[in-house]
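Report on the structure given below.
The values are calculated or read from the model by the stated rules, or taken from the named source; none is laboratory data. Bear in mind the structure is a predicted one, so any value in this text is a computation, not a measurement. Using ideal geometry, Cβ is built from the backbone for each residue, glycine included, and neighbour counts are taken over all protein chains shown.
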Amino acid sequence: MNRRTAFLSLAVLSLVIFAFPQASLAQSSSLLGTWTLNLEKSKFVPGTAPRSQTNTYQQDGQNLKGTVQAVYAEGNTITTGLMHIYDGQPHAVTGNPVYDSRSYARVDANTLVSASTKAGKLVQVANIVISPDGKTFTTTTAGILDASGRAGTNIAVYDKH
């Protein structure tokens, strides 16, 4: 086997090992569906809790498309659109005043980490853990938490519908 054939074989094998598991993880994600924020189980920095929040995740090819609808204390509604692309690279986010892009990495089938940026500057990091039974997920978010620049750590618990 010559060097070119060996290199090509290694490249194809790497693609199979690294690309296909990501696709299958996204397609079988327990995050799919509609989730409602459980305010009783969640803990927010004073002034950062929404009145309500619903997250919806749909399959979009090999990725997940997320829509977050939140109603805040003042009564204003924010709809955030984002893509869960598990490549560790920042991808555009729409509708959120705190960040304009987010990157995701999958730790395992039920754990994700994300980093959110605004104009290229890191503003938030989050750890997302889906329960083994797939009925709840918890997001621990640290950094800038609202448009006023309030910082801290929030723990949001969501129940699946």
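Being surrounded by fewer than 13 Cβ atoms within 10 Å (Cβ to Cβ), of a type outside the set (D, E, K, R), within 27 Å of residue 47 (Cβ to Cβ) and in contact with a Lys or Arg (Cβ under 9 Å, 6 or more places away or on another chain), is that true of even one residue in the range 74-93? Yes, the range 74-93 contains a residue that is surrounded by fewer than 13 Cβ atoms within 10 Å (Cβ to Cβ), of a type outside the set (D, E, K, R), within 27 Å of residue 47 (Cβ to Cβ) and in contact with a Lys or Arg (Cβ under 9 Å, 6 or more places away or on another chain).
Can you find, within the range 113-129, the residue that is surrounded by the most Cβ atoms within 10 Å (Cβ to Cβ) among those that are in a strand (DSSP E or B) and of a type outside the set (A, V, I, L, M, F, W, C)?
We begin by selecting, within the range 113-129, every residue in a strand (DSSP E or B); these are 113-118, 121-129.
Still in the running and of a type outside the set (A, V, I, L, M, F, W, C): 114, 116-118, 121, 124, 127.
On the way: 114: 19, 116: 23, 117: 16, 118: 16, 121: 9, 124: 19, 127: 15.
Residue satisfying both the conditions and the ranking: 116.
Each residue in the range 94-112 was checked for being in a strand (DSSP E or B) and more than 21 Å from residue 137 (Cα to Cα), and 2 pass. Selection of first residues in the range 32-43 that are closer than 8 Å to residue 57 by Cα and of second residues that are among the basic types (Lys, Arg), restricted to Cβ pairs under 6 Å at least 6 apart or on distinct chains, gives the following pairs, ordered by first then second residue: 33/160.
Within the range 57-68, the set of residues being closer than 19 Å to residue 80 by Cβ and either more than 18 Å from the chain's Cα centre (by Cα) or surrounded by fewer than 16 Cβ atoms within 10 Å (Cβ to Cβ) (or both) comprises 58, 59, 60, 65.
Looking at residue 153, is it more than 12 Å from the chain's Cα centre (by Cα) and in a strand (DSSP E or B)? Spell out the reasoning first.
On the way: more than 12 Å from the chain's Cα centre (by Cα): yes; in a strand (DSSP E or B): yes.
Yes, satisfied.
Total residues in the range 34-67 satisfying the condition of being among the hydrophobic types (A, V, I, L, M, F, W, C) and on the phi > 0 side of the Ramachandran plot: the figure is 0.
Of 114, 148, all but one fail to be more than 11 Å from the chain's Cα centre (by Cα) and among the hydroxyl-bearing types (Ser, Thr, Tyr); the exception is 148.
Among the residues of the range 67-93 satisfying the criterion of being in a loop (DSSP other than H, G, I, E, B) and among the hydrophobic types (A, V, I, L, M, F, W, C), which is modelled with the lowest pLDDT? Steps first, answer last, please.
Initial filter on the range 67-93 (in a loop (DSSP other than H, G, I, E, B)): 73-76, 85-90, 93.
Restricting the remaining residues to those that are among the hydrophobic types (A, V, I, L, M, F, W, C) gives 73, 85, 93.
Numbers: 73: 85, 85: 96, 93: 98.
Only one residue fits best here, namely 73.
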